[in-house]
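S.K.: Here you go, one structure.
The values are calculated or read from the model by the stated rules, or taken from the named source; none is laboratory data. All figures in this text were calculated on a predicted structure; none of them were measured in a lab. Neighbour counts run over all protein chains shown; Cβ positions are idealised from the backbone, glycine included. To get the accessible areas, we keep the full protein, side chains included, count just its heavy atoms, and leave off ligands, DNA and RNA. Shrake-Rupley method; radii C 1.70, N 1.55, O 1.52, S 1.80 Å.
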Amino acid sequence: MGYPSLNLTARAFVVTTVMATACGILLSSAALWAQVQPPAPWRGAGPAPCMGSDGGIYKCPPGPQVVAVRAGRLFDSKTGTMLTKQVVLLSGERITEVAPESQVKIPAGAQVIDLSQATVLPGLIDAHTHMFDTRGPKSKTTTEGAMLIAISNVQADLRAGFTAARDMSTHGNGYGDIEIRDAINQGRIDGPRYQVSTLGIVWGASPAKPDAPDNPLASTVVRSVEEARAAVREQVQHGADWIKLYPTGGYSFTSTGKVQYELTYPMPVLQALIDEAHRLGKKTGCHVYGGEGQRNAIIAGCDTIEHAFDLDQEQANMMLAKKLFYDPTLQRYIEPYMDDNDAKNTGGKYRIVPIFEKAVTMANATKGLKIMVGSGVDGSTFAHGTQALEFEALVKHAGVTPARAIQSGTMVNAEALGWQDRIGSIDKGKYADLVAVSGDPLADITELQRVKFVMKGGKVIKNDMLQSAAK
């Protein structure tokens with residue numbers, strides 16, 4: 001299933017990155033970009049620089065620093081409790097010690113960041129993003145333009161306090177999410193730590209048409225078990241961390257108000273997709289609204305169940321037994337446009353929103369079921385940088401406590417990503433990914449919508465606390 005045009009697209013992505021660097025759009029970051037000294041002696045401008053993996057030179061990042069963060073309040077995501085008067089010590093990109101200030105000796109010469117009037121939390125994690133805006137067949141956006149928009153989106157997410165994220169398909173932009181993930185990892189741009197799912201895989205109900213080939217930049221279309229397995233292999237070979245699947249299509253109401261959900265993959269195809277991903281050591285995320293496709297996704301063992309408007313107790317219990325995660329993306333599907341669509345299609349008789357809210361409330365009441373925080377942010381109905389609205393939605397529309405909501409957006413998401421040993425809590429040995437807000441998010445969850453301080457891997461990305469103090 002080769003797509004020669006993807007090579008041109010990939011080259012365009014690289015060219016865009018280089019062009020953006022020259023224009024000063026891309027931000028420098030530390031440590032992860034391979035540091036190779038140019039041939040000595042250096043005869044160019046300024047001090048001897050470092051050389052990137054592409055052969056280009058750049059200013060060498062500073063060496064590891066010892067930093068002490070004074071936290072007036074610190075959220076312990078392991079226990080869901082708020083600690084007071086804590087100090088977080090870090091060296092370079094890792095945390096070296098966390099303890100009450102009375103028990104910590106700050107090393108001489110350490111940089112001190114005073115957040116004693118703030119609440120410090122682990123960096124937030126968004127489990128369902130779309131870094132690229134939708135690029136349909138009639139879109140006039142160029143590949144270069146799409147990349148620049150995506151870069152702007154991921155930087156907005158990071159500044160909003162989301163230091164890690166999972167991207168759940170590129171909306172017709174091919175393997176562009178891999179380019180951005182790798183650029184972040186190499187230190188070329190600032191952005192969240194990413195896991196990506198590339199194109200996604202959809203079901204083709206009708207045979208392929210020779211005169212109208214499938215778009216190689218959009219979701220891969222499969223029409224058999226064999227094609228399903230091949231599509232998974234193709235995306236993994238390109239660098240996908242996750243495989244995004246679509247076991248259901250749209251929903252509609254009957255004249256009596258019963259909700260109908262479109263079934264897509266036959267069960268053998270869905271099972272093949274999930275089994276092949278697992279065989280290759282990758283996880284699957286399943287976009288489901290309800291019905292048979294939703295049930296099939298749970299039975300087949302899809303690692304994360306996304307949305308699930310009509311999730312019931314039996315299915316929640318099945319998910320719990322199979323250790324599957326539930327990512328409702330609640331805010332995304334209770335927005336006013338949902339009611340607008342239902343009013344148009346049913347004459348105002350029926351609504352999906354209360355059905356969905358009931359499902360998420362039930363999931364929250366199911367002891368042990370792991371609920372994730374995923375926004376579904378996509379640049380159309382949900383602006384990048386505003387994903388903390390999802391925490392508020394879970395608290396106010398599904399009865400989730402603020403502490404549990406924050407745990408979902410930190411510890412639970414880290415576990416779902418397999419990164420619980422790196423992020424998700426403020427602990428010795430983990431990355432120094434920290435955010436801070438002025439107030440107490442356990443008392444007012446909307447505080448997370450006003451993040452004032454962001455640190456990723458020991459690097460301060462944003463510090464509006466100094467401005468607040470000056471006022």
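S.K.: Against the condition in a strand (DSSP E or B), open to solvent by 10 Å² or more (accessible area, probe 1.4 Å) and free of Cβ contacts under 8 Å to residues at least 24 places away in the same chain, how does T84 come out, does it pass? Reasoning before the result, please.
M.R.: Values: in a strand (DSSP E or B): yes; open to solvent by 10 Å² or more (accessible area, probe 1.4 Å): yes; free of Cβ contacts under 8 Å to residues at least 24 places away in the same chain: yes.
Criteria met by T84.
S.K.: Taking the condition under 25 Å from V400 (Cβ atoms) and in contact with a Lys or Arg (Cβ under 8 Å, 6 or more places away or on another chain), does D303 pass?
M.R.: Numbers: under 25 Å from V400 (Cβ atoms): yes; in contact with a Lys or Arg (Cβ under 8 Å, 6 or more places away or on another chain): yes.
Judged against the criteria, D303 is a match.
S.K.: Does region 365-394 hold any residues that are farther than 29 Å from T134 by Cα and in contact (Cβ under 8 Å) with a residue 40 or more places away in the chain, and which are they? Walk me through how you get there before you give the answer.
M.R.: Step one: list which residues in region 365-394 are farther than 29 Å from T134 by Cα, which gives 365-370.
Matches in region 365-394: T366, G368, L369, K370.
S.K.: For region 179-192, what are the residues that are open to solvent by 30 Å² or more (accessible area, probe 1.4 Å) and either part of a strand (DSSP E or B) or more than 24 Å from A416 (Cα to Cα) (or both)?
M.R.: Within region 179-192, R188 is the sole residue that qualifies.
S.K.: Somewhere in region 367-379, is a residue surrounded by fewer than 16 Cβ atoms within 10 Å (Cβ to Cβ), in contact with a helix residue (DSSP H, G or I) (Cβ under 7 Å, 6 or more places away or on another chain) and under 25 Å from P441 (Cα atoms)? Lay out the reasoning, then the answer.
M.R.: Going through region 367-379, the residues surrounded by fewer than 16 Cβ atoms within 10 Å (Cβ to Cβ) turn out to be 367-368.
Now drop any that are not in contact with a helix residue (DSSP H, G or I) (Cβ under 7 Å, 6 or more places away or on another chain), which leaves 368.
After this cut, where a residue has to be under 25 Å from P441 (Cα atoms) as well, the list is 368.
Within region 367-379, one or more residues are surrounded by fewer than 16 Cβ atoms within 10 Å (Cβ to Cβ), in contact with a helix residue (DSSP H, G or I) (Cβ under 7 Å, 6 or more places away or on another chain) and under 25 Å from P441 (Cα atoms).
S.K.: For region 90-108, which positions are surrounded by 14 or more Cβ atoms within 10 Å (Cβ to Cβ) and outside any strand (DSSP E or B)?
M.R.: Matches in region 90-108: G92, E93, E101, V104, I106.
S.K.: Does E226 satisfy the condition of being more than 23 Å from D167 (Cα to Cα), among the acidic types (D, E), free of Cβ contacts under 8 Å to residues at least 60 places away in the same chain and not in a helix (DSSP H, G or I)?
M.R.: Answer is no for this residue.
S.K.: When the residues of region 290-299 are filtered to those that are in contact with a Leu (Cβ under 7 Å, 6 or more places away or on another chain) and open to solvent by 10 Å² or more (accessible area, probe 1.4 Å), which remaining residue is farthest from R229 (Cα to Cα)?
M.R.: G291
S.K.: May I ask you to list the residues in region 331-348 that are surrounded by fewer than 15 Cβ atoms within 10 Å (Cβ to Cβ) and more than 21 Å from S375 (Cα to Cα)? I'd like the intermediate steps shown before the answer.
M.R.: Keep residues of region 331-348 that are surrounded by fewer than 15 Cβ atoms within 10 Å (Cβ to Cβ), which gives 336-337, 339-341, 343-345, 347-348.
Once the filter is applied, which keeps residues that are surrounded by fewer than 15 Cβ atoms within 10 Å (Cβ to Cβ) and more than 21 Å from S375 (Cα to Cα), region 331-348 yields A343, K344, N345, G347, G348.
S.K.: If A146 meets every condition in (1) modelled with pLDDT of 95 or more; (2) among the aliphatic types (A, V, I, L, M); (3) buried (at least 16 other Cβ atoms within 10 Å of the Cβ) apart from one, which number is that one?
M.R.: (1)
S.K.: Quick check on T256: is it surrounded by 21 or more Cβ atoms within 10 Å (Cβ to Cβ) and among the hydroxyl-bearing types (S, T, Y)?
M.R.: Spelling it out, it is not the case that T256 is surrounded by 21 or more Cβ atoms within 10 Å (Cβ to Cβ) and among the hydroxyl-bearing types (S, T, Y).
S.K.: A follow-up question, please. Residues being of a type outside the set (S, T, N, Q) and either at pLDDT below 95 or open to solvent by 40 Å² or more (accessible area, probe 1.4 Å) (or both): count how many of those fall in region 430-446.
M.R.: Count: 4.
S.K.: F356 fails exactly one of the following numbered conditions: (1) touching a Leu at 6+ places or on another chain (Cβ under 9 Å); (2) under 24 Å from P441 (Cβ atoms); (3) not aliphatic (A, V, I, L, M). What is the number of that condition?
M.R.: Only one criterion in (1) touching a Leu at 6+ places or on another chain (Cβ under 9 Å); (2) under 24 Å from P441 (Cβ atoms); (3) not aliphatic (A, V, I, L, M) is unmet by F356, namely (2).
S.K.: Counting just the residues of region 401-416 that are open to solvent by less than 10 Å² (accessible area, probe 1.4 Å) and either among the polar types (S, T, N, Q) or not in a helix (DSSP H, G or I) (or both), which one comes out nearest to G72 (Cα to Cα)? Even if it seems obvious, please write down each step before you answer.
M.R.: Within region 401-416, the first condition is being open to solvent by less than 10 Å² (accessible area, probe 1.4 Å), and the residues that meet it are 405-406, 408-410, 413-414, 416.
Still in the list and also either among the polar types (S, T, N, Q) or not in a helix (DSSP H, G or I) (or both): 408, 410, 413.
Details: S408: 23, T410: 20, N413: 25 Å.
So, considering only residues that are open to solvent by less than 10 Å² (accessible area, probe 1.4 Å) and either among the polar types (S, T, N, Q) or not in a helix (DSSP H, G or I) (or both), the one nearest to G72 (Cα to Cα) is T410.
S.K.: Something else now. Can you find a residue that is buried (at least 20 other Cβ atoms within 10 Å of the Cβ), polar (S, T, N, Q), in contact with a helix residue (DSSP H, G or I) (Cβ under 7 Å, 6 or more places away or on another chain) and under 23 Å from K396 (Cβ atoms) anywhere in region 280-289?
M.R.: Kept after step one, since they are buried (at least 20 other Cβ atoms within 10 Å of the Cβ), are these residues of region 280-289: 283-289.
Still in the running and polar (S, T, N, Q): 284.
Then keep just the ones that are in contact with a helix residue (DSSP H, G or I) (Cβ under 7 Å, 6 or more places away or on another chain); that gives 284.
From what's left, under 23 Å from K396 (Cβ atoms): none.
No, there is no match, as no residue in region 280-289 is buried (at least 20 other Cβ atoms within 10 Å of the Cβ), polar (S, T, N, Q), in contact with a helix residue (DSSP H, G or I) (Cβ under 7 Å, 6 or more places away or on another chain) and under 23 Å from K396 (Cβ atoms).
S.K.: Q111: open to solvent by 50 Å² or more (accessible area, probe 1.4 Å) and either touching a strand residue (DSSP E or B) at 6+ places or on another chain (Cβ under 7 Å) or among the acidic types (D, E) (or both), yes or no?
M.R.: On the way: open to solvent by 50 Å² or more (accessible area, probe 1.4 Å): yes; either touching a strand residue (DSSP E or B) at 6+ places or on another chain (Cβ under 7 Å) or among the acidic types (D, E) (or both): yes.
So Q111 passes the test.
S.K.: Separate question: Which one is most open to solvent (accessible area, probe 1.4 Å) among residues in region 380-400 that are in contact with a helix residue (DSSP H, G or I) (Cβ under 7 Å, 6 or more places away or on another chain) and over 29 Å from A146 (Cα atoms)?
M.R.: If we take residues in region 380-400 being in contact with a helix residue (DSSP H, G or I) (Cβ under 7 Å, 6 or more places away or on another chain) and over 29 Å from A146 (Cα atoms), then H397 is most open to solvent (accessible area, probe 1.4 Å).
S.K.: Kindly list, by first and then second residue, each pair from a residue in region 61-78 that is of a type in the set (D, E) to a residue that is in a loop (DSSP other than H, G, I, E, B), limited to pairs with Cβ atoms under 9 Å and residues at least 6 apart or on different chains.
M.R.: Close Cβ pairs (under 9 Å, with a partner that is in a loop (DSSP other than H, G, I, E, B)) amount to D76/S425; D76/I426.
S.K.: Okay, next question. Restricting region 204-228 to residues that are among the hydroxyl-bearing types (S, T, Y) and out of contact with any strand residue (DSSP E or B) (no Cβ under 9 Å at 6 or more places or on another chain), which is surrounded by the fewest Cβ atoms within 10 Å (Cβ to Cβ)?
M.R.: We begin by selecting, within region 204-228, every residue among the hydroxyl-bearing types (S, T, Y); these are 206, 219-220, 224.
Then keep just the ones that are out of contact with any strand residue (DSSP E or B) (no Cβ under 9 Å at 6 or more places or on another chain); that gives 206, 224.
Values: S206: 7, S224: 13.
This residue is S206.
S.K.: Given the conditions (1) among the charged types (D, E, K, R); (2) closer than 24 Å to T129 by Cβ; (3) open to solvent by 10 Å² or more (accessible area, probe 1.4 Å), which single one is not true for E306?
M.R.: (3)
S.K.: Could you check F132 against (1) open to solvent by less than 20 Å² (accessible area, probe 1.4 Å); (2) within 23 Å of the chain's Cα centre (by Cα); (3) under 22 Å from G424 (Cβ atoms) and say which number it fails?
M.R.: Unmet condition: (3).
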